[in-house]
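Everything below concerns the one structure shown next.
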Amino acid sequence: MSSLSVTPPERLKTPLTVPQRHMFGPGPSNVPPRILEAGAKPVIGHMHPEIFEIMSDIKSGIQYMFQTQNNMTLAVSGTGHTAMECAIFNAVEPGDSVLTAVNGIWGERAAEMAERIGAKVNRIVAPPGGFFTTSEIEQALSTYRPVLFFLAHGESSTGVLHPLDDIGHLCHRYNCLLLVDSVASIGGAPVYMDKQGIDILYTGSQKVLNAPPGTAPISFSERACQKIFKRKSKPVSFFLDLSWLANYWGCDGKPTRIYHHTGPVTAFYSLRESLSVLAEEGLENSWERHQNVAEYFHNGLEKMGLKLFVKEKSARLPTVTTIVAPRGYNWKEITTYIMKTHNLEISGGLGPSVGLVLRVGLMGCNSSRANVDMVLAALKDALRHCHKSKV
Ligand code: PMP
């Protein structure tokens, strides 16, 4: 008689099966064989010297991708949210004033994270699809005097690419750090961390980088480090404490690294490979490719009679396109039809854009004219076959 009260699940006795799909939603994107193969290499210890070399390659790849010389540059073990919390939990102390720009879901999430650690949070709010002028931002900085201002460069819930020029230097005039979310934009649209005066910048591995989800590049300016390392209280999270992470990533100048957590070594292999792919293509070529493909896509949508959700052309995110949900249709029926019939993922809205838009992400290796043609054909087919009400 077995002592176990829970028996082995029957399903686990069948082999793992995973479908091949066109991943054209807002993420994750498809992972090309080269990056998948990198992640299938043998596991070695997370403190072996070879891993430290791989981590150092990752660090320089991130510095290139972010266009920064910051020494405090690393990848957090976790998804984009982990990097968001790493930024906020380290840079903000209880009672600090924080300002977030809300023009979709991400500014709201950042606000909630800061509130959870006892910050005084204020928001500036723009309607979904909109963005902020420099003078609106300046007005809020002068009213609330925050220590940190959060801005999403690529607002993936609404499809907005926020202008970045001047904002970093403006924040510095108000003695405020600029935190920028580039999860949906990095590699697909220009970001110059140092030149633009961004103090903390983070992204995720699963969008333009085409690596599996689970690692999140992040970088801190000297100004951000000064605030963080002069804190009076310890950050609320041990796992995300920058002094520990800095040591693990060899950014603190100390001769030895102390065990903090077991780094996801195979995820580091994939991340390194994805950064190699980006370095080989060249950032400027990648930006240009994403922009050209996005314009080709947007023209094709307009020719079909569909409308783009973001009115201002220059504020359209080249990686994630938001299409006004076609009148008379149920958006869910469209996405379900396309998945079933074309084996292709596109998605509906998120947060404030639910019901208002369809979202299509063409990121990294997925950003090509051939894929645009495939999405346009799938949309045409869906609009012919899905139920359309008379109103
Ligand atoms: N910020 C933006 C702009 C995003 O698009 C996402 C992912 N959709 C995140 C943050 C969060 O990333 P993750 O899902 O990897 O935690």
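Observations
- Some residue of region 151-169 being surrounded by fewer than 24 Cβ atoms within 10 Å (Cβ to Cβ), farther than 17 Å from VAL102 by Cα and modelled with pLDDT under 95: yes
- Filter result for SER205 (within 11 Å of the ligand (Cβ to nearest atom), hydroxyl-bearing (Ser, Thr, Tyr) and within 17 Å of THR321 (Cα to Cα)): no
Here is a yes/no grid of residues against (1) over 22 Å from the mean Cα position of the chain (by Cα); (2) open to solvent by 10 Å² or more (accessible area, probe 1.4 Å); (3) closer than 23 Å to SER205 by Cα:
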site	(1), (2), (3)
GLN226	yes, yes, no
LYS232	yes, yes, no
ILE258	yes, yes, no
TYR296	yes, yes, no
GLY305	yes, yes, no
LEU317	no, no, yes
ALA325	yes, yes, no
TYR329	yes, yes, no
ILE338	yes, no, no
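- In a residue-by-residue description of region 81-92, the property of being within 14 Å of the ligand (Cβ to nearest atom), more than 19 Å from ALA224 (Cα to Cα) and among the hydrophobic types (A, V, I, L, M, F, W, C) applies to no position.
- For region 21-67, the set of residues classified as more than 22 Å from TRP249 (Cβ to Cβ) and among the charged types (D, E, K, R) consists of ARG21, ARG34, GLU37, listed by residue number.
- Verdict on VAL18 being of a type in the set (Val, Ile, Thr), assigned to a loop (DSSP other than H, G, I, E, B) and surrounded by fewer than 12 Cβ atoms within 10 Å (Cβ to Cβ): yes
- The set of residues from region 162-176 being outside any helix (DSSP H, G or I) and either within 11 Å of the ligand (Cβ to nearest atom) or more than 30 Å from GLN291 (Cβ to Cβ) (or both) comprises HIS162, TYR174, ASN175, CYS176.
- Pairs, first more than 13 Å from HIS387 (Cα to Cα) in region 331-343, second among the β-branched types (Val, Ile, Thr), C-beta under 8 Å, six or more apart: ILE338/ILE346
- Being in contact (Cβ under 8 Å) with a residue 40 or more places away in the chain and either closer than 27 Å to SER182 by Cβ or open to solvent by 50 Å² or more (accessible area, probe 1.4 Å) (or both) is not true of LEU379.
The values are calculated or read from the model by the stated rules, or taken from the named source; none is laboratory data. Remember, predicted model here, so these are calculated numbers, not experimental data. A quick note on method: Cβ atoms are made from the backbone with ideal geometry, for glycine too, and the neighbour counts reach across all protein chains shown. Protein only, heavy atoms only, side chains kept; ligands, DNA and RNA dropped before computing areas. Shrake-Rupley method; radii C 1.70, N 1.55, O 1.52, S 1.80 Å.
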